[in-house]
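Please treat every number below as a calculation from the coordinates, not as lab data. What you see is a predicted model, and the numbers here were worked out from it, not measured in a lab. In this analysis, Cβ positions are derived from the backbone assuming ideal geometry, glycine residues included, and neighbour counts consider all displayed protein chains.
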Amino acid sequence: MLDYLLNGLALGAIFAFIALGYTMVYGIIKLINFAHGEFFMFGAFLGFFVLRDLGVERLPLPQPLPILLSYVAALTAASLGAGALAVVTERIAYRPVRRAGRIAALITAVCVSLILQNLAIKAWGAKPQAYPQPREWIDTDDLAGAAPANLYAVKRVETTGGEVVENEVRVVEAGAALDDATRARLRAEGHERVYRQVPLDRGWTRGFVLLALLLWAPVLWFLVKRTRMGKAMRAVSEDSDAARLMGIDINRVIAWTFFLGAFVAGVGGVAYCVSYGKVEPLTGFLPGMKAFIAAVIGGIGSIPGAILGGLVLGTAESLIPYALREGLGWEAAFAWKDAIAFALLILILVFRPTGILGRAVREKV
């Protein structure tokens, strides 16, 4: 049960990363940004390309520093890229319909989501791609003893179209002797450095996601509550017309809100794909929907509510099927975990529409 609880908390932390963007945008302009899952997906793809192609792991530094730096680079690229995409999307798609009513904005959000999904399919293909595992690079001259795992090298190959691509080639099988003959063969084939894959421990990924949420939550609270831009965000949320009359640049505040929410989603995208080992253009669809449910459960518009809702939903998705399987002997319980999320949404809307930490607000009409 403890293992399932930790899995649920880690999954809930990822939902919370996405739900923060939903709740921040809704709190400012009352928009349900259904394209937010695609910002999550875009960040995951940027992290994928950095880990696969940038080559940070090849730096001649003591291990595991190159691996850690490669993930820092992936998280940075994912966060900044997702934030930039959100700002561009807000400027092109949402700003022109901001005063056209909530229905127009909602339809626009759904259309933007579909457009981004199809652009990703066109650019990167529809098939899931394996997310890169950490790679430990070793100089050929430093090889000794027996290979602890399969060793690989990168070989440049020219395609029929004249393009030079890099292919992964297994050069030493696990358990083979790393003697003078093996080293000589590798050097003769042009492999000065080889690498082995370092599988990530499940506990490490869970701890990383939870630690990232624990570190980011107070930073986000500080940005919203103690900075000049955060005060402007709260002013716009309270009364945008009054904030404009007080000299606040509404467009700048809204763009910053989109950037901040997508920045967090980019972190969640990399964490999610590292945990589940694959990325595809529809990566953000179902997690995005569940993150919206998490925001509603916690109280949409509330930052602590988004974090609490994400953790509650992730824990429920993990523990409820476990209890049904162990207690009732229902072996197919985990196949219904997605239905549990939507059942929770229905229950929260029936019995507490404002969410756990939300509050009813009276509006004059």
### Query
Ranked by Cβ crowding within 10 angstrom, fewest neighbours first, how are V56, V25 ordered?
V56, V25
### Message
Charges at C-beta only: +1 for Lys and Arg, -1 for Asp and Glu. How large is the resulting dipole of the chain about its Cα centre, in Debye rounded to 20?
### Response
1720 debye
### Message
Need the full-extension length gain, A104 to L215, defined as separation in residues times 0.36 nm minus the C-alpha distance. One decimal, nm.
### Response
36.3 nm
### Message
Using C-alpha positions alone, give me the convex hull volume of the chain per residue in cubic angstrom.
### Response
176 Å³
### Loop-located GluC sites (Glu not before Pro) in the stretch 64-172 whose Cβ has at most 11 other Cβ within 10 Å (DSSP)
E163
### Task
Amide H neighbours of R193 under 5 Å, at least 5 residues apart or on other chains, H built in the peptide plane: list them.
T140
### Message
List the lysines whose Cα sits under 19 Å from the Cα of K337, skipping any in the same chain fewer than 8 residues away.
### Response
K290
### Query
Tilt of helix 102-124 relative to the longest C-alpha principal axis of the chain, in degrees (0 to 90, nearest 10)?
10 degrees
### For the stretch 296-305, 3J(HN,Hα) per residue [Karplus equation, 6.51 cos²θ - 1.76 cosθ + 1.60, θ = phi - 60°, Hz, x = Gly/Pro]
5, 4, x, x, 5, x, 10, 5, x, x
### Environment charge of G298, counting only residues whose C-beta is closer than 13 Å and scoring Lys/Arg +1, Asp/Glu -1
+3
### Summary
Listed by chain and number, the residues whose amide H is under 5 Å from that of L357, excluding neighbours fewer than 5 places away on the same chain and using placed H, are G299
### Task
Based on the mean of other Cβ atoms within 10 Å per residue, sort peptides 125-134, 108-117 so the most packed one is first.
108-117, 125-134
#### Entry: Inter-probe distance in nm under a simple model that places probes 7 Å from Cα toward Cβ, at K225 and L349
3.2 nm
### Sorted by Cβ density within 10 Å, fewest first, the residues F334, F292, F259
F334, F259, F292
### Summary
For W330, the residues 5 or more places away or on another chain with a placed amide H closer than 5 Å to its own amide H are R325
### Message
Whole-Hz ³J(HN,Hα) for each residue in the stretch 181-188, computed from phi via Karplus 6.51 cos²θ - 1.76 cosθ + 1.60 with θ = phi - 60°, x for glycine and proline: what do you get?
### Response
5, 5, 5, 5, 5, 5, 5, 5
### Summary
For the stretch 342-353, Karplus-derived ³J(HN,Hα) couplings (6.51, -1.76, 1.60; θ = phi - 60°; whole Hz; x for glycine and proline) come out as 6, 5, 4, 4, 5, 5, 5, 6, 6, 9, 8, x
### Query
For T205 and D3 in the same chain, what is the full-extension length gain: residue separation times 0.36 nm, less their Cα-Cα distance, in nm?
71.4 nm
### Task
Mind checking which lysines have their Cα closer than 25 Å to the Cα of K231? Skip sequence neighbours fewer than 8 apart in that chain.
K30, K364
### Message
I'd like to know how the stretch 1-131 sits against the 2.2 N^0.38 Å rule of thumb: what's its Cα Rg over that expected value?
### Response
1.26
### 0 to 90° range, to nearest 10: angle between helix 202-226 axis and the chain longest Cα axis
40 degrees
